[in-house]
Amino acid sequence: MAYHSGYGAHGSKHRARAAPDPPPLFDDTSGAYSSQPGGYPAPGADVTFNVNHLLGDPMANMAMAYGSSIASHGKDMVHKELHRFVSVNKLKYFFAVDTAYVAKKLGLLVFPYTHQNWEVQYSRDVPLPPRQDLNAPDLYIPTMAFITYVLLAGMALGIQKRFSPEVLGLCASTALVWVVIEVLALLLGVYLATVRSDLSTFHLLAYSGYKYVGMILSVLTGLVFGSDGYYVAWAWTSSALMYFLVRSLRTAALGPDSVGGSAPRQRLQLYLTLGAAAFQPLIIYWLTFHLVR
């Protein structure tokens, strides 16, 4: 019996060696990676494979080429329409600023009450650029202030756990639409009042865009000091902007041609200026009150 048992064990071992190995459940892909200690793949190997596979995909290459062609075509169309409807040289005038001008203009917007001379300076019947004349309107400060307002609105909404791309997009579009409506209303008022001046759309856009500075200060103060601080900052910046607009529009934009005109026309010009200034606190409040709680 002992011999039979040993013979059976020996036969079992022989059959186990002769049986083929079962097929693996998963393919061995370890050869695709460089050998590393611990059996880990080489750094960047998987990423390289995916990128190469993406670049080698004809559909991906076609999509990238199509997207590039659309972007290039859209860029050419924008440049063409911009040169068609907008004078680039005139637009450059409103961005001819420097650091000293920006700092002084921001101070003038916050505290305009001590400023004496509000007339725009000319050289050979050509207005001096903003960097040479503090009273000249510019579009640099309104543009950067608008971008800062959008970023600040996103931060305020995030602090209040109300942030979403849709809400932030609504804030940005609403602020932009209000400025467009204000500019169109001013153009209509200038036309109806038959005001003869050098006021252009860029001038009105600059003066209307200065409100973003007060909006930023109001929201920042509200985030730091609460609603009480917000209302104090809103009252101060609104009154400063109203004073700034009244003095600037009367002397710089509506100035020399309106002097000596008929009394009804002068009253219309005065009402137009006061109406544009009085409308600013309402817009500032409407665009900022929901950001401070």
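Annotation: extensible slack from Phe111 through Thr99 equals 2.5 nm (criterion: 0.36 nm per residue apart, minus Cα-Cα distance). Annotation: extensible slack from His290 through Glu166 equals 43.1 nm (criterion: 0.36 nm per residue apart, minus Cα-Cα distance).
The figure for Arg162 is an accessible area of roughly 70 square angstrom, using a 1.4 Å probe on the protein chains alone. For Trp178, Trp118, Trp286, Trp236, the ranking by accessible surface with the largest value first comes to Trp286, Trp236, Trp178, Trp118, using a 1.4 Å probe. Oblate is the label for region 135-191, because the ratio a/c of its alpha-carbon gyration tensor axes (a ≥ b ≥ c) is 1.5 or higher and a/b is not greater than b/c. At 7 Å along the Cα-to-beta-carbon direction for both Asp198 and Gln121, put a label point, then send me their distance in nm to one decimal. The answer from the label model is 1.4 nm. Residues whose amide H lies under 5 Å from that of Leu128, counting only those 5 or more places away or on a different chain, are Gln121, Tyr122, Ser123; hydrogens are built 1.01 Å from N in the peptide plane.
The HN-Hα couplings worked out from phi for region 118-125 by the Karplus form 6.51 cos²θ - 1.76 cosθ + 1.60 (θ = phi - 60°) are 10, 7, 6, 8, 10, 9, 6, 6 Hz, whole numbers, x standing for Gly and Pro. Can you classify region 84-167 as rounded, prolate or oblate using the Cα gyration tensor, where a ≥ b ≥ c are the square roots of its eigenvalues, rounded means a/c under 1.5, and otherwise it's prolate if a/b beats b/c and oblate if not? It comes out oblate by the Cα gyration axes.
Residue ranking by accessible heavy-atom surface, 1.4 Å probe, largest first, among Phe225, Phe279, Phe94 comes out as Phe225, Phe279, Phe94. Of the whole protein surface, Glu166 contributes about 130 Å² of accessible area at a 1.4 Å probe radius. Surface calculation, 1.4 Å probe, protein heavy atoms: Val232 sits at approximately 100 Å² accessible.
What shape does region 77-231 take by its C-alpha gyration tensor, where a ≥ b ≥ c are the square roots of the eigenvalues and a/c under 1.5 counts as rounded, a/b above b/c as prolate, and the rest as oblate? Since a/c reaches 1.5 and a/b is larger than b/c, the shape of region 77-231 is classed as prolate. Sorting Met155, Met242, Met215 by solvent-accessible area of protein heavy atoms yields Met155, Met242, Met215, largest first, with a 1.4 Å probe.
The values are calculated or read from the model by the stated rules, or taken from the named source; none is laboratory data. All figures in this text were calculated on a predicted structure; none of them were measured in a lab. Cβ: placed from backbone, ideal geometry, glycine included. Neighbour counts: every protein chain shown. Note: accessible area is taken over every heavy atom of the protein model, side chains too, but ligands, DNA and RNA are not part of it. Shrake-Rupley method; radii C 1.70, N 1.55, O 1.52, S 1.80 Å.
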